Amino acid sequence: MAASVFDSPLFAQLFNTGDAGRLFSDTAAIRAMLLVEGALAKVQGNLGVIPELSAAAIHRASMEIQIDPGAIAAATGENGVSVPGLVAAFRAEMNAPEHAQFVHWGPTSQDIIDTALMLRLRQTLALVESDLREILRALGQQAEQHAHLPMPARTYGQQATPTSWGTVLAQFGAPLLDALDALEDLRASSLFVSLSGAAGTSSALGSQASETRAELAKALGLSDPFRSWHTDRAPVLRIADWQGQVIAALAHMGQTLIGLTASEAGEVALGGSGASSTMPQKQNPVRPSAIVALSHQFTGLRSSLQISAIHQHQRDGAAWFTEWMVVPQLSLCLAAALQHAKALSTGLAPHPIQMHAALGGNLGLIHAEALSFALADLMPRPEAQAAAKSLCLDARDKRVPLKDLALAAYPDLPAEVFDPAKGMGHAPAQALSFAQRAKTL
């Protein structure tokens, strides 16, 4: 097995990261850093910080030159950071020392690496947004279709009251809609350019440091933080927190689907299931299980990212290195979970017969809450609760359906007390409300 499932040919389809996988390669990192160096040179040329002719040459070269990651590995190992080796290789490849001398004029390695990371995280968030919209459209269509299909709601793994399949789908999707709504603010508050020099003081960037940073942010389509954030990793933490909210919602869907596809329930089909090597009757919930496993991985890594946010002085090598190890894995965990969620959201199919049987099973005790409120029309509420509880105990002891015992004891009870379609409360409305929101995407 490979050290990471995301780099494993064997597990490439079980933990498929889609297009996001290409954003977290050495080649992508180098390409992003060169784009930053080229954009910085162009901005500095426009501002007169470096010769405009040299700036144009550097910007053009940053688009054309390819640097082999292996060629700068030795320098990275010696320096603990890739930028010195990258800049040296880039200058050599330019083969124009009169212009190359102005490459990397004033920034520090962290400025280049952090800004390049934000360029890749911006693309990552765009891919996540696209996947979420696809998932939500599919969930919304099914929520509308099945808004009135009754099934048992479960709390603590036990039947609680009736709900609808459309409402369960809405519960899967609602936090994803909220995440989409929060995405614009996240981008504005976290996708920062970094340009503040060796110790965050912009000393080598000259009198136009603030203007240079602002223009670089504009050129790259990032936000200007108006300060150094070398040791303030809140922008990275905010992005990780948002990713965590998304993957937690996906894991809720996965965990619930594992329960609903269990042999004892069988209320939902996944549209594609896993086979056992020895048990031909089994169809394993592979995709939901993968989502939950990826969520577990994400949660463990997120704690490491919190540790990496604690820097000493003006830069901390150990903290920064930890961030490099963790951030790509967090993004790829979410990317892989989204691939599974997309497939699930279009393939889910309810089993109404099993849902109906579950509602009628367990002696009809799922209607106990409705019974207690119906009895409250005949007696004070505390007495009604006690009477309903007594009837439930009798039903369990005598193995007689709750409905039969209740109607025998209280013939005036309305029949709708034991009708699942009447006992769903506002569940159908919640499903339809979600479906309407999803249509607006």
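Things worth noting here:
- Reach of Lys439 by Cα under 24 Å, taken over lysines that are not fewer than 8 positions away in the same chain: Lys342
- Across the chain, the longest piece that holds none of the chymotrypsin sites (Phe, Trp or Tyr not before Pro) lying in DSSP loops with up to 11 other C-beta atoms within 10 Å covers 227-441.
- Fraction of accessible area attributable to carbon and sulfur, the stretch 9-55 (%, probe 1.4 Å): 57 percent
- Cross-link partners of Lys218 among aspartates and glutamates, defined as those whose alpha carbon lies under 18 angstrom from its own and excluding same-chain residues fewer than eight positions apart: Glu37, Asp111, Asp114, Glu184, Asp185.
- Efficiency of FRET from Cβ geometry, Lys389 and Asp419, R₀ 35 Å, rounded to 0.05: 0.95
- FRET efficiency estimate (nearest 0.05) - Cβ-Cβ, Arg133 to Phe321, R0 51 angstrom: 0.90
- Comparing Cα centroids, the stretch 368-419 and the stretch 225-245 end up 55 angstrom apart.
- In this simple spin-label model, placing a label point 7 Å from the Cα along the Cα-to-Cβ direction at both Ala234 and Ser303 gives a separation of 2.5 nm.
- Looking at the chain, the accessible area is 47 square angstrom per residue; that uses a 1.4 Å probe and ignores ligands, DNA and RNA.
- Within straight-line cross-link reach of Lys422, aspartates and glutamates at Cα separation under 12 Å, skipping those fewer than 8 residues along the same chain: none
- Heavy-atom accessible surface of the stretch 207-353: percent carbon and sulfur, 1.4 Å: 55 percent
- Over all projection directions, the Cα-based convex hull of the chain averages an area of 27.2 nm².
- Close amide H contacts of Phe192 (hydrogens built in the peptide plane, cut-off under 5 Å, sequence separation of 5 or more or a different chain): Ser223.
- Extension gain (nm, one decimal) between Thr201 and Ala12, 0.36 nm per residue minus Cα-Cα: 63.6 nm
- For the stretch 87-202, the share of accessible area belonging to carbon and sulfur comes to 48 percent (1.4 Å probe, ligands and nucleic acids excluded).
The values are calculated or read from the model by the stated rules, or taken from the named source; none is laboratory data. Remember, predicted model here, so these are calculated numbers, not experimental data. Cβ coordinates were reconstructed from backbone atoms using ideal geometry, including for glycine residues, and neighbour counts include every protein chain displayed. For the accessible areas, the whole protein counts, side chains as well, though only heavy atoms, and no ligand, DNA or RNA atoms are used. Shrake-Rupley method; radii C 1.70, N 1.55, O 1.52, S 1.80 Å.
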